[in-house]
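Undergrad: Sharing a structure with you now.
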Amino acid sequence: MTLAVFFGCTFIAFGPALGLFLFTIARDPLRIIILIAGAFFWLVSLLLSSLIWFIAVKASDPQDEPLQKGLLIFGVMFSVLLQEAFRFLYYKLLRKAIEGLVALSEDGCSPISIQQMAYVAGVGFGLMSGAFSMINLLADSLGPGTVGIHGDSQLYFLTSAFMTMVLIFLHTFWGILFFHGCEHRRWWEIAAVVIMHLAVSGSTFCNPLYVGSLVPSYLMMAAAAVWAYILSGGSAQNLRRFLLCLRSGASPQLGS
Amino acid sequence: MTELSAHLPQFQHGQLTENFPDNHLSNTNDSCERRRHDNSERRRNDNPDSETNGQPQNIQQVVEHDEDEDEELTLKYGAKHVIMLFVPVTLCMVVVVATIKSVSFYTRKDGQLIYTPFTEETETVGQRALNSILNAAIMISVIIVMTILLVVLYKYRCYKVIHGWLIISSLLLLFFFSFIYLGEVFKTYNVAMDYITVALMIWNFGVVGMICIHWKGPLRLQQAYLIMISALMALVFIKYLPEWTAWLILAVISVYDLVAVLCPKGPLRMLVETAQERNETLFPALIYSSTMIWLVNMAEEDPEAQRKASKNSAYDKQAPANQARNEDAEADDGGFSQEWQQQRDNRIGPIESTPESRAAVQALPSNSQTSEDPEERGVKLGLGDFIFYSVLVGKASATASGDWNTTLACFVAILIGLCLTLLLLAIFKKALPALPISITFGLVFYFATDNLVQPFMDQLAFHQFYI
């Protein structure tokens, strides 16, 4: 529990998200607002789900360990469903906002597209989710202590950081997939997002058996990444041209 | 309140050390600042002198003929202006939270202000609740009395009194409170320091601050100083207000701001109307502004040269003779609440009496304004809003069991409240207080996160489940 652990875990968990934020979101004020509003919606969903869990816990016997764990699992599942419900609500709100922006604009098109909004909303959800999971851990890692001294896993901080990073990425891709599904009325895409989210959260139930939670989550992240890339208009050819441009360093082809 | 906050802290400092009324002034300033915030919103639409003294007129004329364009401009500038306010509010909160987390002085209980005489260390919960209600009631009554006093002073044109008061408050804030802050930071990090170096540092800090805030200075430096004094003021509140009292005061001050700004008989509204009648603006020293006031410079000399020179400079508040009529009130009025109200009045005024004020502004050379990029129009927020937002987030980080989660939740809630307030301003196009929505969200999220979310997240972290 040193400064090295603190900085290492911070950058593992939030480094990619920070890069995404700095390069794609920070320049445009509208995107920053959408990001913060997305974080707010995630927060409200968490609040409501903790309320339900809290009521359930208060109504039950605090000494009964299996019951408490069962209630926690129920709380996690309910929270996942509520998060997706609030993602849908946020989609509805952004749709209305786009209509307003279009009505107000001079040339009849909105300054930001629904796909960009989907991406930013996903990052907002992911950042807030990651922050809530990780921040207290990071603060504790600055202080004194020994990880796993009572027999728990010694990789607690590291795995938490990796799990947070994968969740932030997943939320970003889920945002794109979800909004695309809502836009084009493809309910199976929405259902796939919900099922993926439930699967990822469910896989964390095998912690501290980290191979059971981290590996499936990263695989699902890769799948969601490819799917979101294809839905956003990407293709293998685009990717190849992008990579070739970088390698050759020549004047950029507009295609990539 | 939002706009006048800048002066408020100064006053507040003066008040805290001097007497009770000062606190009230701070509060009133806060409401003024808020209104200023609203005013900036309105300015965007139809209020020529809210943010940029001269510019809105031109822009107003340009957009007047086209409703859609006007709305579009509102929205276009809305996002940018929201971010222009997000950044300083975030910076202020970051400074406050960083200080609370590292310097233990501001979380140590060292007595209470004389404005909150009842202690909260009581035997029963009922007694504690009663004491905190009484404390909040006393604080709010002081604020109301001070606001009414300011209205009276302003109505009878006692500008010198207000001006002097403001100067004394700034002095106390910039010198005394920053000296204490510096001392505590040195103690925390065990830095050996001699009095001569400290005297030099504080002297330079204070004098440059006084010049930047009350006279001229680079815009960024002025903004930085306003943020610093807001943070200092918020830290003082966090230290000396006991817990329940602090939450109650936050809640009541939001209600008071709402009432004072929207009710026809509210003191702040009366100040605004009086300032409108006199065609005066509020003192800019109490308001955080993201750009300078064009009118000030324009009225002084050649507008073209002024425009270039004034691009990055702060308002010139102490040249009443050179300022346009709108500025006179600002220069004369040293008190925060009055200034607030004046500025607010100015903001509100043009809506009702557009021909006169517009004629006044149009009388000035306007070629520099027409070529002005509309996006140069700035947004203003009273320092009182900064202070109370930071008090909420600071108290959350100091006393919450959820710690960083609660702090983060309150931070996001306040930013969203600010966003919503700006949106409402764009829709209603009249002065609205900026404190109620943000503080309500902040309070709801503080209590909800601390009591409901924190146990849930604790259990999740214990089992390493992820949602």
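Undergrad: For peptide A:172-184, how many partner chain Cβ atoms fall within 10 Å of a residue's Cβ, on average?
TA: For this peptide, the per-residue mean of nearby foreign Cβ atoms is 0.
Undergrad: Taking the Cα centre of the stretch A:1-250 as the origin, how large is its charge dipole in debye, to the nearest 20, when only Lys and Arg (+1) and Asp and Glu (-1) carry charge on their Cβ atoms?
TA: Details: 13 positive and 12 negative charges, 131 e Å.
The dipole of the stretch A:1-250 has a size of about 640 debye.
Undergrad: Further, regarding this structure: Given A:Gln237, A:Leu82, A:Met163, which one lies farthest toward the positive end of the charge dipole of the stretch A:1-250, if we put +1 on the Cβ of every Lys and Arg and -1 on the Cβ of every Asp and Glu?
TA: A:Gln237
Undergrad: Got the relative contact order for the stretch B:213-293 handy, in percent, Cα pairs under 8 Å and 6 or more residues apart? Don't jump to the answer; show the numbers that get you there.
TA: On the way: 25 pairs, mean separation 29.8, N = 81.
Contact order relative to length: 37 percent.
Undergrad: Measuring from label point to label point, each 7 Å out along Cα→Cβ, what is the B:Phe179 to A:Asp61 span in nm?
TA: Label-label distance for B:Phe179 and A:Asp61, simple model: 6.6 nm.
Undergrad: For the pairs A:Lys69/B:Lys395; B:Lys109/B:Lys395; B:Lys265/B:Lys430; B:Lys80/B:Lys380; B:Lys101/B:Lys187; B:Lys216/B:Lys429, flag any whose C-alpha to C-alpha distance is greater than 23 Å.
TA: Numbers: A:Lys69/B:Lys395 33 Å; B:Lys109/B:Lys395 13 Å; B:Lys265/B:Lys430 16 Å; B:Lys80/B:Lys380 13 Å; B:Lys101/B:Lys187 14 Å; B:Lys216/B:Lys429 31 Å.
In this structure, A:Lys69/B:Lys395; B:Lys216/B:Lys429 lie more than 23 Å apart at Cα.
Undergrad: Oh, and also: Can you tell which of A:Trp188, A:Trp227, A:Trp174 shows the greatest fluctuation in a Gaussian network model of chain A with Cα springs below 10 Å?
TA: Maximum fluctuation in the GNM of chain A, among the listed residues, is at A:Trp188.
Undergrad: When you count, for each residue, the other Cβ atoms within 10 Å and take the mean per peptide, how do B:114-126, A:202-214, B:184-196 rank with the highest first?
TA: A:202-214, B:114-126, B:184-196
Undergrad: Here is a follow-up. Please identify every one of the trypsin sites (Lys or Arg not before Pro) in the stretch A:1-66 that sits in a loop by DSSP and has no more than 13 other beta carbons within 10 Å of its own beta carbon.
TA: Here the sparse-neighbourhood loop sites are A:Arg27.
Undergrad: Let me ask something else. State, to one decimal in nm, how far the label point of A:Val211 lies from the label point of A:Gln154, with both points 7 Å from Cα in the Cβ direction.
TA: So the two model labels end up 1.9 nm from each other.
Undergrad: Give me a single rounded figure for B:449-456: the average over its residues of other chain Cβ atoms within 10 Å of their Cβ.
TA: Details: counts 5, 0, 3, 10, 9, 2, 4, 13.
Partner-chain Cβ atoms within 10 Å, mean over residues of B:449-456: 6.
Undergrad: For the stretch A:1-250, what is the relative contact order in percent, using Cα pairs closer than 8 Å and at least 6 residues apart in sequence?
TA: Working: 251 pairs, mean separation 63.2, N = 250.
Computed value for the stretch A:1-250: 25 percent relative contact order.
Undergrad: Next question. How would you order A:39-46, A:62-69 from highest to lowest mean count of nearby Cβ atoms within 10 Å? Show your work: numbers first, answer last.
TA: Numbers: A:39-46: 24.2, A:62-69: 10.9.
The packing order, highest mean first, is A:39-46, A:62-69.
Undergrad: Give me a single rounded figure for A:92-99: the average over its residues of other chain Cβ atoms within 10 Å of their Cβ.
TA: Details: counts 0, 0, 0, 0, 0, 1, 0, 0.
Counting other chains' Cβ atoms within 10 Å and averaging over A:92-99 gives 0.
Undergrad: Label-point separation (nm) for B:Val152 and A:Leu93, each offset 7 Å from Cα along Cα-to-Cβ?
TA: Result for the modelled spin labels: 4.6 nm.
Undergrad: Kindly rank B:169-180, B:425-436, A:215-226, A:98-109 from highest to lowest mean number of other beta carbons found within 10 Å of each residue.
TA: Numbers: B:169-180: 21.8, B:425-436: 23.7, A:215-226: 16.0, A:98-109: 13.2.
Those peptides, ordered most packed to least, come out B:425-436, B:169-180, A:215-226, A:98-109.
Undergrad: Follow-up. Gap in Å between the Cα centre of the stretch B:147-165 and the Cα centre of the stretch A:86-124?
TA: 48 Å
Undergrad: Also, I was wondering about something else. Looking at the stretch B:80-123, which trypsin sites (Lys or Arg not before Pro) are DSSP coil and have at most 12 other C-beta atoms within 10 Å of their C-beta?
TA: Sparse-neighbourhood loop trypsin sites (Lys or Arg not before Pro): B:Arg108, B:Lys109.
Any read-out appearing in this document is the output of simple, stated calculations on the displayed coordinates, not a laboratory observation. This is a predicted model, so every value here is computed, not measured. Note that we place each Cβ from the backbone using ideal geometry, even for glycine, and neighbour counts take in every protein chain shown.
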